[in-house]
Each structure stands twice: as structure tokens, then as C-alpha cells.
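Here the structure comes first, spelled out in C-alpha cells, and everything after it is commentary.
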Amino acid sequence: MNRHLLGQVYSLLAALTWAGALVLFKQSVEKVPPLALNLFKNGVGLVLLAVTLLVQLDGPLALRGFPLADFGILAVSGVLGIALADTVLFHSLNLIGVGLLSIVDCLYTPFVILLSAVLLSEKLAAAQYCGAGLILMGVIVSSRHEPPRDRTRAQLVIGVLLGALAMALIALGIVLAKPVLDGGFPVLWATVVRMAAGTVALAGMAAASPQRRQYWSVFRPAAVWKTSIPAAVLGSYLSMILWIAGFKLTYASVAGILNQTTIIFALVLATVVLKERFTTRKLVSVVLAVGGVVVVILAGVP
């Protein structure tokens, strides 16, 4: 399979697994503080990554020859894209709900494209801009829901701003890591370095908080584990590896566009798992998004 096509497949699978994680996180975030939930999902992810590394034949030997600067860039990427971005994202979800957050989530692709152009000098073909437009149209159509009734206008504004900040941080984190991945840094080890750096940062924030006991209590067995553990496996392990692999094998701009289909997958999964109605509006959004994905892939390498 062509290298770029394989990267696009990984990017789509990353979107699908993250959508599954989001459906489960939606059931957890009202019971667990955002920072604690982020710390928990990263902790589970690190354990799974460590087990995976144990079965690698080369292990740490795979990191020979890579400069310390690469590790530093990946660490910064993890702090920005995992520790800060996901915590801010959970806060936004609490304030504005799934509907408005879905709209704000549209900012992810433009941020990736913008940052890729500024930092990586990447450009998209005209057809790929059309594909991106179709995906964004699908996301916007799917997310035109009523705002939460129990929130003030100020809370909505703050929630939207936090959601936009989360999208910018996620995009910046992965675009910063792109040159390191292009340099041959192993995908699994890159995932571990990013996750470890993000987890250390989160642990520091939790330890410094007056609510540290509440934050650390998330690691005690509880009913919420029924959703938070599967969400962590999907979101901090499978999706993370697939996401980074996608960015490694294809252009950051293309991977970012395909990652945007998460919201469409989330709509489908929410209908099946959460028994939400699959309306005509949702059907139109899925058709637009799938059409956009096809256009992006058929357009080839930019």
C-alpha cells in the first residue's frame, strides 16, 4: 500500500477510535473532574504502552542515534497536546455540552492547515480544499443543536473560547512533532514520550492543587471505571498510536482533515450506543463528510 494512503487509513482509524472514546468520556466527565479524568486516561494509556514496549524486540535500542532535541520536541508536544489540550477540552465539554463543542471542534482542521503552512511550509491542492470544505460543512450541519439550558451566556462564551484553545493546542502539538516523526522516530516510542511528558505535567498540576485528593482518588476502583477504562484504552492507546502513525506517513494537512471526521463517527456511535435519534440532519452531515474524505484521498499527495 502507498505510504500516504496508509497514513490516510491510519488517520481515519484514529478518528473512529477517538470517537468511540468520546462517547464513553461523555458518560464520565460529569462524574469526574476534567483534570482527574485526563490524568486517569493517560495513566491507563501509559501502562498499556509500557506493556506493548516489553514485547518489542529492539526496545530502547530503537532510539539510538536520535538527538535529545527530538525528545524535547516530543515532550513539549505532549504537554501542549495532551496535558493542556485534553484538560481544557473536558472543561469546555462541561460548560457548553456536546452540540456547541462539535461546532468548535471544526476549528481543528483549519488550525492544522494554518500551522502546517506556517511551520512546515505545506500546501494543499484545490481539490483537497474542496474536500476539507465538505467535511467542515458536514460537521457544522451535524452540530446545530440547542445550547444547554442550565448555562449562562458568560459560561457559554468561556466554554467556546476554551474549546477553541483546546483545538489550537492539539493542532500545535502534533504539527510540532511532525518533523521528528518524518526523521524516522519510532511511532510507538514517540507516543510514549508524548504521553509520559503529558502525564508528568498533569501529575504536577494535580499535586499542586488544593483538590489533589479528589484528583488522585480517580485511581480507586469505582463505578465510573465501567466507562472511563474503555474510553482510556481507545483514546489514550489505540487512537493515539494510529493518530501519530497517520501524521508520520502522510502530510499533516491531509491527516488533520481526515481526523476531523471524528465528529461524524461520534454521531453514528452515539446513535448506536447511546440510542440517540439519527435525524435527517445527521444523515446529511455523514454524506457530506464521507464525500469530503473521498475527495481528499482521491486528490492524492499535495
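The values are calculated or read from the model by the stated rules, or taken from the named source; none is laboratory data. The structure displayed is predicted, hence computed values, not measured ones. Here Cβ is always computed from backbone atoms with ideal geometry, including for glycine, and neighbour counts include all displayed protein chains. Areas reflect the complete protein model, heavy atoms only, side chains present, ligands, DNA and RNA absent. Shrake-Rupley method; radii C 1.70, N 1.55, O 1.52, S 1.80 Å.
Some notes on this structure:
- Check on PHE40, over 30 Å from VAL293 (Cβ atoms), out of contact with any strand residue (DSSP E or B) (no Cβ under 8 Å at 6 or more places or on another chain), surrounded by 14 or more Cβ atoms within 10 Å (Cβ to Cβ) and of a type in the set (Phe, Trp, Tyr): yes
- Close pairs (6 angstrom Cβ cut-off, 6 or more residues apart or separate chains): under 10 Å from ARG194 (Cβ atoms) and in contact (Cβ under 8 Å) with a residue 24 or more places away in the chain in the stretch 57-80, basic (Lys, Arg) and part of a helix (DSSP H, G or I) anywhere: LEU74/ARG194; SER77/ARG194; GLY78/ARG194
- Of the criteria (1) open to solvent by 70 Å² or more (accessible area, probe 1.4 Å); (2) under 28 Å from ASN94 (Cβ atoms); (3) modelled with pLDDT of 85 or more, which one ALA19 fails: (1)
- Against the test of being touching a Phe, Trp or Tyr at 6+ places or on another chain (Cβ under 8 Å) and of a type in the set (A, V, I, L, M), the options ALA208, ALA245, ALA196 yield a single qualifying residue, ALA245.
- Qualifying residue in the stretch 51-68 (condition: polar (S, T, N, Q) and out of contact with any helix residue (DSSP H, G or I) (no Cβ under 6 Å at 6 or more places or on another chain)): yes
- Filtering the stretch 245-301 to residues that are of a type outside the set (A, V, I, L, M, F, W, C), open to solvent by 10 Å² or more (accessible area, probe 1.4 Å), under 29 Å from ALA190 (Cα atoms) and at pLDDT below 75 leaves only GLY300.
- The one condition in (1) in contact with a Leu (Cβ under 9 Å, 6 or more places away or on another chain); (2) open to solvent by less than 30 Å² (accessible area, probe 1.4 Å) that VAL32 fails to fulfil: (1)
- Qualifying residue in the stretch 106-122 (condition: within 25 Å of ILE244 (Cα to Cα), among the polar types (S, T, N, Q), modelled with pLDDT of 85 or more and surrounded by 15 or more Cβ atoms within 10 Å (Cβ to Cβ)): no
- Only residues that are more than 21 Å from the chain's Cα centre (by Cα) and open to solvent by 60 Å² or more (accessible area, probe 1.4 Å) were counted across the stretch 47-72, and they come to 13.
- From the options THR17, THR52, residue that is β-branched (Val, Ile, Thr), in contact (Cβ under 8 Å) with a residue 24 or more places away in the chain and closer than 22 Å to ASN259 by Cα: THR17
- All conditions but one from (1) under 18 Å from PRO186 (Cα atoms); (2) assigned to a helix (DSSP H, G or I) apply to GLN56; the one that does not is (2).
- Residues that are touching a Gly at 6+ places or on another chain (Cβ under 9 Å) and under 30 Å from VAL51 (Cβ atoms) number at least 2 in the following helices (runs of 4 or more DSSP H) confined to the stretch 119-228: 153-182, 187-208.
Residue-wise test of (1) modelled with pLDDT of 90 or more; (2) farther than 17 Å from ASP86 by Cβ; (3) open to solvent by 60 Å² or more (accessible area, probe 1.4 Å); (4) aliphatic (A, V, I, L, M).
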{"site": "LEU165", "(1), (2), (3), (4)": "yes, no, yes, yes"}
{"site": "VAL180", "(1), (2), (3), (4)": "yes, yes, no, yes"}
{"site": "SER236", "(1), (2), (3), (4)": "no, no, no, no"}
{"site": "MET240", "(1), (2), (3), (4)": "no, no, no, yes"}
